[in-house]
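Taken together, the values in this text are just the output of simple stated rules run on the coordinates, not laboratory data. Quick caveat: nothing in here was measured; it's all calculated off a predicted structure. Counting neighbours? That spans all protein chains shown, and the Cβs are built from the backbone with ideal geometry, glycine included.
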Amino acid sequence: MEEGYILQSKKKKMLTLAIATAFMATSIPAWAAQMPEQTGKAAKEESSAVPVAAAEDDHALEDTVVTATRREKRDIDVPAATMVITGEAIKESGAADAADALAKVNGFTYKSFGPSGASMGTMNNELNVRGFKSGTLVLMNGSPISWRGKYNLDQIPADQIERIEVVKGSGSVLYGSEAMSGIVNIITKKGASNAAHVGFGNFGQRQYGVSAGDDRFGVYYNYDKWGHLNGLAETDVISTKFKGSTRTDLRDVEKMSAGLTYHINPQLDFLFGYYKTEATYLRFVDRVDRTSSGVRLGDPFHARTYTTEQYVSQLNYHDHAWKGSLYFNTGTVEAKGPTEISRTGAKTPGDWYNTRERNTTYGVDLQRTWKIDPKATAVLGFSLEHELYEALPARSTANPTSYMRNNWGVFGQWEQKFTERDTGIFGMRETWTTAAMRDENYHNFSASGQWLHKLDHENSLYLSVSQSFIMPKFAQMYGASSRLVPAPDLKPQTGVTYEIGWKAKHAGHTWKAALFHMDVKDNITATWKPREDRYQYTNEDFRNTGLELSCETQGKHGFSWNWGVTWQNPETKGSKGTDWERTFGKLQLTGGVLYKKGKWSSSLTGSYLAGRVQSPSSEPAYACKPYFLTSWSTAYHPDERSEIRLTVENVLDRADVTSHTGANYRVAPTNFMLSCNYTF
């Protein structure tokens, strides 16, 4: 196992060479004239080693990024591919939840098993960044909320989001495991308005919500329902006693969220949230090619009701030098329902399926910032998380059991301003686990180097080289169901991301470009074992080279728009015994336009992914159709307290499949939601 988590000497040499090259390339004087002398707080700092506030520039909230460097900085001064989605932008898009808000982000490949981000228990919605599966760390207010690498973004209501910060590329040095290809930090509102909303739509959609509070205290409750959707998926079935296909229908997707926030004082905030989702999936036989068990057209195959409940608690502190958080997350996932036809194709009337699991994490994250002198800043931090996975007693769980471990981390970051134009940021992290079963403990050392070169105040170039890692999850190692073969000897996956980028702001335009390359060793992937009729997680390799371009424009006469282009070539190798094969898609086009005038506003957004492939777990990848996700939202404000909004999803009424693993769950046909919001 040493090979999986000890830093390889070859990668050390590559990292050292890349950082040294960055030093030499950007240290050469390229400009005879120096930038104008800075004003403001940063220029007035004394040369003593004293703590400083995170913010060093006076700039608008939408221009600020905290997640990328754990310090508040202007977006254009951050040497990483970043994006900020404001709460106002989320509202104008008509997004119902965090999943909707992120579905059309440039460089993100989105997947869900039903409308509005619906999930099937542990098979939930995914945000795959830069063609890499399960490498996105999801945070809420800087603290992790994922459970064994999964998350339910559809449970977080859009009206509780202040903004979302997106950082593409490796973030493991600052945030630890899972942040291999990107970080999504959902920052929630600290208070609440006194408001109520109600909505209805086709397919039995219903929506209700209420909130109350002020700038310091807030409570909220939201309820959403999707009544029915037939023909969600078609699935081929090849078994000993039956060959044909089944159709999946969806019934009663219900989502409920409730919570409270308390802004105790300017430095201390408390948050509690409760989220519950329940959905029923019905499968029927819709084609019979061969049967020896009497299976007939229209027979029920099985029915499953999936229920997910999650509790999130946070206590967050920040001042001019310290930042810390205590968090506690726990949740259960249950699947239950009758199985009428078994995996062999035999009829099994009266058979009942039921599994339950609980995932709990709680921990602390603490950091301190020092201003060493006007040109140097240091950040040191510590994190500890206790992780618990429990397979709970249920009819289909043969051996209920539990696993636990402690995840420790120590990290540091040094920012050095070499000239008025050139700044280097260097970081390192040591992560290790303790108290794991069978002494299956791991450790990892990761390092990063970033260089920022300012062409002028609103124009910059950057270079970044970062290592990353992901620890194996308990469910991957020991099996979360009877169909998963335990793999206790899984290795942690490790990787390096190289990136060169450019950012600029000019005349109402914000331009961004990034050229990146990812190399990942021992990527943890599920592989189908036909002889055992079960899955097992194994290690394989991954690589991707890509180019991202985007532009946001604040136009005239009420118009604003944005567009993005991503070209990439994600490939995997190893688990199927084949050479490198592509995964996900090659070309993505995203865009949106917003028009506001008087009491009216209207937005249209879309995401097009082409060059796609499906990658079944036991068969070679094969080409599939592009998807084109579209949304249109129009609002009318009769007065300053009222809003009437019509949101239409899948405007072009396409039957697109968003998954990339061989499953063919389709997006919902054209659907609408008409809602009314009133603020008291």
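Structure values in brief
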| read-out | value |
| --- | --- |
| Most positive-pole-ward Cα, H318, P338, T307, against dipole of segment 296-351 from beta carbon charges | P338 |
| HN-Hα J in Hz across segment 319-329 - Karplus 6.51, -1.76, 1.60, θ = phi - 60°, x for Gly and Pro | 9, 5, 10, 10, 9, x, 8, 10, 9, 9, 10 |
| Segment 578-634 - charge dipole about Cα centre, Lys and Arg +1 at Cβ, Asp and Glu -1, debye rounded to 20 | 560 |
| Rounded FRET efficiency, nearest 0.05, which uses the C-beta distance separating D656 from E162 and R0 of 35 Å | 0.70 |
| Charge context of E254, other residues only, Cβ under 11 angstrom, K/R +1, D/E -1 | +2 |
| Under-5 Å amide H pairs with M471, H placed in peptide plane, nonlocal only | E178 |
| Orientation-averaged projected area, Cα convex hull of segment 290-338 (nm²) | 6.7 |
| FRET efficiency for K625 and Y362, using Cβ-Cβ distance with R0 set to 41 Å, rounded to 0.05 | 0.40 |
| Shape call, segment 491-650: gyration tensor on alpha carbons, a/c limit 1.5 | prolate |
| Debye, to nearest 20: dipole size of the chain, +1 on Lys, Arg Cβ, -1 on Asp, Glu Cβ | 1460 |
| Label-point gap, in nm, between H386 and N354 - each point 7 angstrom along Cα→Cβ | 3.0 |
| Cα gyration tensor, segment 598-680 - rounded (a/c under 1.5), prolate or oblate | prolate |
| Amide proton proximity set for G182, modelled H, under 5 Å, gap of 5+ | L137, G169, G171 |
| Summed side-chain charge close to G558 - residues other than G558 whose Cβ falls under 15 Å, Lys, Arg +1, Asp, Glu -1 | +2 |
| Segment 387-466 versus segment 169-200: alpha-carbon centroid distance in Å | 18 |
| Lysines whose Cα lies under 18 Å from that of K491, excluding same-chain neighbours fewer than 8 positions away | K11, K133, K473, K521, K573, K576 |
| In sequence order, calculated HN-Hα J values of segment 637-652 (Karplus, 6.51, -1.76, 1.60; Hz; x Gly/Pro) | 10, x, 8, 6, 9, 10, 8, 10, 10, 10, 10, 10, 9, 6, 4, 8 |
| Net dipole in debye of segment 362-450 [+1 Lys, Arg Cβ; -1 Asp, Glu Cβ; about Cα centre; nearest 20] | 100 |
| Value of [θ]222 nm, deg cm²/dmol, for the chain, DSSP H segments ≥ 4, -39500 (n - 2.57) each, nearest 500 | -1500 deg cm²/dmol |
| Rounded Å value of the spacing that divides the Cα centres of segment 621-680 and segment 550-614 | 15 |
| Segment 146-288 shape via C-alpha gyration tensor axes, a/c threshold 1.5 | oblate |
| The chain: angle of helix 9-27 to the longest principal axis, Cα-based, in degrees nearest 10 | 40 |
| Vicinal HN-Hα couplings computed from phi for segment 145-152 (Karplus, 6.51 cos²θ - 1.76 cosθ + 1.60; Hz; Gly/Pro x) | 10, 6, 10, 6, x, 10, 7, 10 |
| Dipole axis of segment 2-679 (+1 Lys, Arg; -1 Asp, Glu on Cβ), positive-most option in F559, I183, P349 | P349 |
| Debye intensity ratio in log₁₀ form over the Cα atoms of segment 2-679, taken at each q of 0.06, 0.09 Å⁻¹ | -0.34, -0.78 |
